[in-house]
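Participant: Dropping a structure here in structure tokens format, bear with me for questions.
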Amino acid sequence: MKNHNRSKSLLAVGLSALLLAGCSNPPAPTSATSTPMADHSQMAGHSMKMGTKGVEALKSLKGKDFDIAFLSQMIAHHQAAVEMAKQALSHNPKPPVKEAADKVIEAQTKEIAQMTGWLKEWHQAEPSLEQQNLVREDMKSMMAMPVDSDRVFLEMMIPHHQGAIDMSELVNARSDTAELKTMADKIIQDQKAEIDQYQQMLKTS
């Protein structure tokens, strides 16, 4: 009987020790038990930001050099917007988002052709790969994120449009070309209006 009671006592002590160890030293979370949504959210927040290498490069230029750099950068910038809009359309967006994406593709494809023509007509030049790589680097994290929902498209296009506005606001002081100043004014006006539209759409999405 004594041995039986002793065994029960030892078992109770052992169980208590295990319980205390479990409470004081909880297992470290593994990748399998981490929260994917939190990680994705952090990635998304980072990806929505634009760099400033392109804008900073434009600030050091004037006249012909500025025109070539600006047109080259804006062509690459518009190409990225068209790509994002095409991705958005591939996911069966709601009608207002589809309309917004269609508008981006139509307007910015037309401006890409116009700016490419101006480079040839005004300066007998092709887009500068060096300048395009600056703005592509600015968009790198953004472009690495798939446009897999209406909300992502809208959230990405807002900072992307703001980048085009920031570039265009340099034109009046740094270019001598009337046509380019007119285009820059139009980009500023149109894309500010679209940012307002996207913000309103986000509130109801």
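The values are calculated or read from the model by the stated rules, or taken from the named source; none is laboratory data. Please read all numbers here as calculations on a predicted model, not as lab measurements. Don't worry about glycine lacking a Cβ; one is built from the backbone with ideal geometry, like all the others, and counts go over all protein chains shown.
Participant: If I ask for residues that are within 19 Å of the chain's Cα centre (by Cα) and of a type outside the set (Asp, Glu), which ones from the range 94-110 would you list? Step through it out loud before you land on a result.
Facilitator: First, pick out the residues of the range 94-110 that are within 19 Å of the chain's Cα centre (by Cα): 97-98, 100-105, 108.
Those that are within 19 Å of the chain's Cα centre (by Cα) and of a type outside the set (Asp, Glu): Val97, Lys98, Ala100, Ala101, Lys103, Val104, Ile105, Gln108.
Participant: Restricting to the range 159-174, name every residue that is of a type in the set (A, V, I, L, M) and either farther than 21 Å from Gly63 by Cβ or surrounded by 14 or more Cβ atoms within 10 Å (Cβ to Cβ) (or both).
Facilitator: So in the range 159-174, the residues of a type in the set (A, V, I, L, M) come out as 164-165, 167, 170-171, 173.
Ala164, Ile165, Met167, Leu170, Val171, listed by residue number.
Participant: Among the residues in the range 111-123, are any modelled with pLDDT under 95 and of a type outside the set (Lys, Arg)? Steps first, please.
Facilitator: Initially, the range 111-123 is screened for residues modelled with pLDDT under 95, giving none.
No, that holds for no residue.
Participant: Please verify whether Pro127 is under 20 Å from Ile195 (Cα atoms) and at pLDDT 95 or above, treating the condition exactly as stated.
Facilitator: Working: under 20 Å from Ile195 (Cα atoms): no; at pLDDT 95 or above: yes.
Answer is no for this residue.
Participant: Tell me the residue from Met74, Met48 that is touching a helix residue (DSSP H, G or I) at 6+ places or on another chain (Cβ under 8 Å), at pLDDT below 95 and of a type in the set (A, V, I, L, M), please.
Facilitator: Being touching a helix residue (DSSP H, G or I) at 6+ places or on another chain (Cβ under 8 Å), at pLDDT below 95 and of a type in the set (A, V, I, L, M) holds for just one of Met74, Met48, which is Met48.
Participant: Hey, could you check the range 126-141 for residues that are in contact (Cβ under 8 Å) with a residue 60 or more places away in the chain and not in a helix (DSSP H, G or I) and say which is farthest from the chain's Cα centre (by Cα)?
Facilitator: Residues of the range 126-141 that are in contact (Cβ under 8 Å) with a residue 60 or more places away in the chain, as a first pass: 128, 131-132, 134-141.
Among the residues that remain, those that are also not in a helix (DSSP H, G or I) are: 128, 139.
Numbers: Ser128: 23, Met139: 6 Å.
That would be Ser128.
Participant: For the range 61-78, what are the residues that are surrounded by fewer than 18 Cβ atoms within 10 Å (Cβ to Cβ) and out of contact with any Phe, Trp or Tyr (no Cβ under 9 Å at 6 or more places or on another chain)?
Facilitator: Start the filter on the range 61-78 by keeping residues that are surrounded by fewer than 18 Cβ atoms within 10 Å (Cβ to Cβ), which leaves 61-65.
Lys62, Gly63, Asp65 - these are the residues of the range 61-78 that are surrounded by fewer than 18 Cβ atoms within 10 Å (Cβ to Cβ) and out of contact with any Phe, Trp or Tyr (no Cβ under 9 Å at 6 or more places or on another chain).
Participant: So, in the range 170-185, exactly how many residues are among the β-branched types (Val, Ile, Thr) and touching a helix residue (DSSP H, G or I) at 6+ places or on another chain (Cβ under 8 Å)?
Facilitator: First, pick out the residues of the range 170-185 that are among the β-branched types (Val, Ile, Thr): 171, 177, 182.
Narrowing the set further to residues that are touching a helix residue (DSSP H, G or I) at 6+ places or on another chain (Cβ under 8 Å) leaves 171, 177.
Total satisfying the criteria: 2.
Participant: Can you go through Ala144, Ala101 and tell me which one is in contact (Cβ under 8 Å) with a residue 40 or more places away in the chain and closer than 27 Å to Leu180 by Cα?
Facilitator: Details: Ala144 fails: closer than 27 Å to Leu180 by Cα.
One residue alone meets the criteria, Ala101.
Participant: Could I ask something else about it? Are any residues in the range 175-187 in a helix (DSSP H, G or I) and buried (at least 19 other Cβ atoms within 10 Å of the Cβ), and if so, which ones? Give the derivation first.
Facilitator: As a first pass, look at the range 175-187 and keep what is in a helix (DSSP H, G or I): 178-187.
Within the range 175-187, Leu180, Met183, Ala184, Ile187 meet the criteria.
Participant: Give all pairs with beta carbons closer than 7 Å in which a residue from the range 51-68 that is in contact (Cβ under 8 Å) with a residue 24 or more places away in the chain meets a residue that is in a loop (DSSP other than H, G, I, E, B) and not acidic (Asp, Glu); count only pairs at least 6 apart in sequence or on separate chains.
Facilitator: Short answer, once both residue conditions are applied: Leu58/Leu170; Lys59/Leu170; Phe66/Ser175; Asp67/Ser175; Asp67/Thr177; Ile68/Ala125; Ile68/Ser128.
Participant: Would you pick out the residues in the range 112-125 that are buried (at least 18 other Cβ atoms within 10 Å of the Cβ) and in contact (Cβ under 8 Å) with a residue 40 or more places away in the chain?
Facilitator: Here is the first cut: in the range 112-125, the residues buried (at least 18 other Cβ atoms within 10 Å of the Cβ) are 112, 115, 118-119.
Once the filter is applied, which keeps residues that are buried (at least 18 other Cβ atoms within 10 Å of the Cβ) and in contact (Cβ under 8 Å) with a residue 40 or more places away in the chain, the range 112-125 yields Met115, Trp118, Leu119.
Participant: Name the residues in the range 142-161 that are of a type in the set (Asp, Glu) and not in a helix (DSSP H, G or I), would you?
Facilitator: As a first pass, look at the range 142-161 and keep what is of a type in the set (Asp, Glu): 148, 150, 155.
If the condition is that a residue be of a type in the set (Asp, Glu) and not in a helix (DSSP H, G or I), then Asp148 is the only one that fits.
Participant: Looking only at residues that are of a type outside the set (Val, Ile, Thr) and either in contact with a helix residue (DSSP H, G or I) (Cβ under 6 Å, 6 or more places away or on another chain) or not in a helix (DSSP H, G or I) (or both) in the range 97-110, which one is surrounded by the most Cβ atoms within 10 Å (Cβ to Cβ)?
Facilitator: Here is the first cut: in the range 97-110, the ones of a type outside the set (Val, Ile, Thr) are 98-103, 106-108, 110.
Next, only the ones that are either in contact with a helix residue (DSSP H, G or I) (Cβ under 6 Å, 6 or more places away or on another chain) or not in a helix (DSSP H, G or I) (or both) stay: 101, 108.
Values: Ala101: 26, Gln108: 23.
Looking at residues that are of a type outside the set (Val, Ile, Thr) and either in contact with a helix residue (DSSP H, G or I) (Cβ under 6 Å, 6 or more places away or on another chain) or not in a helix (DSSP H, G or I) (or both), I get Ala101.
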